Structures are given as structure tokens and as C-alpha cells.
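To start, the structure itself, in C-alpha cells.
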């Protein structure tokens, strides 16, 4: 079987390291450092129940910290808007998006919001 160009260049895992995401419609996109670099100074080990907003350095909050290095971000990729729920990791003092997460299109985000009452009821039912 012939080698793929990526195999020859040895760049097979670079997209994952840089935070490549696969969206719910199959597109693969790379997150720019402008979206991820601002959270570098934050310690997300807090046990606070309130979500914290992270700044991108321009004074604009763009990420909401859920705790345990998990963030919600709204971003644009190829002209489409996505709600990105993702776990981050720290590398070289900078917070970077990991592979664990999901990017929801605005359509799927709306479906999730519409079903929030049912989801909350299930959580209550299972939690006792």
C-alpha cells in the first residue's frame, strides 16, 4: 500500500497536538493560538461550582471554565459558528485544547438547549 503524504512527512499526530477538532458534520479544523493562549495563566483546579470566564488577552471573555481544565468556547470556523466543549492541557505554560471534547453546530446546540429539561430530569432521577 502506498504511503500517504502525511506519513512520509511524519506529521501524523501534529493536528491532535495542536488541538485539531472534528466537528459534528465531519469537518476537521485547527484551533488558532489566539483562541487558546489566554487561559495559560489560569489554574483550573478550583472546586468552585460557578463557571469562570477566561479572557483572550483583549479584555473580551471568550471561554467559560467548567472546572478540571474543561472549557466552553463559542468560535467561528469556515464561516460557521460552533459551541466547543473541550478539555484543555498545559504545554510550555500555555493552555491548549485537547482531543477530548465536542464541537456542536448551532443547530445541534439548539436541540441540546430544547431538551435541557429532559436532561435535567434524567440527572435528577439518576442522582437519587
Scan region 96-119 and give yes if some residue there is out of contact with any strand residue (DSSP E or B) (no Cβ under 6 Å at 6 or more places or on another chain), more than 15 Å from residue 62 (Cα to Cα), loosely packed, with under 11 Cβ neighbours inside 10 Å and touching a residue at least 12 places away in the same chain (Cβ under 8 Å), otherwise no.
no
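What residue, among those in region 76-128 that are part of a loop (DSSP other than H, G, I, E, B) and either farther than 22 Å from residue 65 by Cα or modelled with pLDDT under 95 (or both), is farthest from the chain's Cα centre (by Cα)? Walk me through it before giving the result.
If we filter region 76-128 for residues that are part of a loop (DSSP other than H, G, I, E, B), which is where we start, we get 78-79, 92-93, 115, 128.
Those still in the list that are either farther than 22 Å from residue 65 by Cα or modelled with pLDDT under 95 (or both) too: 78-79, 93, 115, 128.
On the way: 78: 17, 79: 18, 93: 18, 115: 21, 128: 30 Å.
Applying the filter and picking the extreme gives 128.
The values are calculated or read from the model by the stated rules, or taken from the named source; none is laboratory data. From a predicted model like this one, the values you see are computed outputs, not experimental measurements. Cβ sites come from the backbone with ideal geometry, for glycine too, and all protein chains shown count toward neighbours.
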